[in-house]
């Protein structure tokens, strides 16, 4: 990772601008909280418009409409696919099949926001049609819509606010019912970014290899393998394996953009080059797990996927589709 790469300066400028905007908005927020909220959302919408691929359409305020007529809670930002009908872009009920990502925005993040965020994630996942597509780790363990929480700042006064948020994320993760109901990221621009990662097949016993040619049906039935959801963020390490380390802090905004783009690359491999360039230029190997949860694969995967795993010819393992990677959204 180059220490003085220009991308680092570009993202630092974005962070400085967001911090300046927060101070300006906060100064009058008590006079008109509604306008302050709208201005904060506009900051994030402009940022996403500037940094996501130009063929995506970023809009504000609206709900997601499922194929069955059910609608999501109101969302602050929605990112629409290139093939979304132009005629419908300004209608504030967005068709779930054309929504790539959605975000909640907060000027100052507080505890109740995180509780509601996780609750809404499950609702959006259901409306988006999660668990209706079978046959890959991504289809069965992720919502089709990338969902995140964006905040300029936070309201914690403790010595380590990130650890306070870690505890809230852990509590929500442990009581979750299925990996596809979980959100994908939380970004606090003046603190850090938390990202969700998923390992689709993890051996529970020493000596078992998730990359062997196939996973036999007996291993699945006996619970030799599980899946794991992780939430991760940057942490400072003075030493790694007893070796002194001086890893620079990652920029929360660059981590956010990389994570969103990685989600897009899973569905569209042609978009893969930019996020991995960003990662190589900006992101050291310094993210640490703050919480995790093991899943019984017999309960979260469809019978179709389990049969593929248990077949002598494990077709999912040999399929180059990025949705079949063990590690999602991608290392």
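If R0 is taken as 25 Å, the Cβ-Cβ distance between residue 24 and residue 115 corresponds to a FRET efficiency of 0.30. For the range 145-203, the relative contact order comes to 45 percent (Cα pairs under 8 Å, sequence separation of at least 6).
Spatial offset of the range 69-88 relative to the range 1-45 amounts to 24 Å, using the alpha carbon center of each. Computed over the range 13-138, relative contact order equals 23 percent, with contacts defined as Cα pairs under 8 Å that lie 6+ residues apart.
With R₀ fixed at 25 Å, the C-beta to C-beta distance from residue 31 to residue 190 puts the FRET efficiency at about 0.65. Compared with the alpha-carbon gap, the fully stretched path from residue 235 to residue 249 is longer by 4.3 nm at 0.36 nm per residue.
By the count of other C-beta atoms within 10 Å, a proxy for reagent exposure, 5, 113 are ordered fewest to most as 5, 113.
Label-to-label distance for residue 289 and residue 204 is 1.5 nm, based on points extended 7 Å past Cα in the beta-carbon direction.
Using a simple spin-label model with pseudo-atoms 7 Å out from Cα toward Cβ, residue 167 and residue 60 lie 3.4 nm apart.
The modelled label-to-label distance for the pair residue 277/residue 224, using points 7 Å beyond Cα in the direction of Cβ, is 4.4 nm.
Since every read-out is calculated from the coordinates, none of them should be taken as a lab result. Nothing here was measured: the structure is a model prediction, and the numbers come from that model. Backbone-built Cβ (ideal geometry, glycine too); neighbour counts: all protein chains shown.
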